[in-house]
Amino acid sequence: QVQLVESGGGLVQPGGSLRLSCAASGSISDIYAMGWYRQGPGKQRFLIARITNRGSTTYVDSVKGRFTISRDNAKNTVVLQMNSLKPEDTAVYYCNTWPPQGDSWGQGTQVTVSS
């Protein structure tokens, strides 16, 4: 199973932007779909964005129009561009396959949106 490492989180003011990256230990070109998930304080982790190996994307309503997921199969990376961030976006963000592989969860990257 591929191992995944997320980076790019941090503290940002409301309305700001962040770019999260996910680096895979192996090839992702044969993986049908990759996703970004998040887990807010006291909440369950859930999928917020997904991209297939053909580039088809889906988003949860709460991030639609603000977040953009992309993947680079040659570099084995998945990126989440987050714009117009809101306090409710505060969470730990993870990438994984979709459906997720239990052994592929990384440490995640913390995103905090606060003034």
Counting only residues in the stretch 36-50 that are open to solvent by 60 Å² or more (accessible area, probe 1.4 Å) and outside any loop (DSSP other than H, G, I, E, B), the one farthest from Thr97 (Cα to Cα) is identified as Gln39
Filtering strands (runs of 3 or more DSSP E) wholly in the stretch 51-115 for at least 3 residues that are open to solvent by 30 Å² or more (accessible area, probe 1.4 Å) and without any contact (Cβ under 8 Å) to a residue 60 or more places away in the chain gives 57-59, 67-72
### Query
Within the stretch 10-32, is there a residue that is at pLDDT 95 or above, open to solvent by less than 30 Å² (accessible area, probe 1.4 Å) and in contact with a Lys or Arg (Cβ under 7 Å, 6 or more places away or on another chain)?
no
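The values are calculated or read from the model by the stated rules, or taken from the named source; none is laboratory data. The structure presented is a predicted model; accordingly, all values stated were derived computationally and were not measured. Don't worry about glycine lacking a Cβ; one is built from the backbone with ideal geometry, like all the others, and counts go over all protein chains shown. Areas reflect the complete protein model, heavy atoms only, side chains present, ligands, DNA and RNA absent. Shrake-Rupley method; radii C 1.70, N 1.55, O 1.52, S 1.80 Å.
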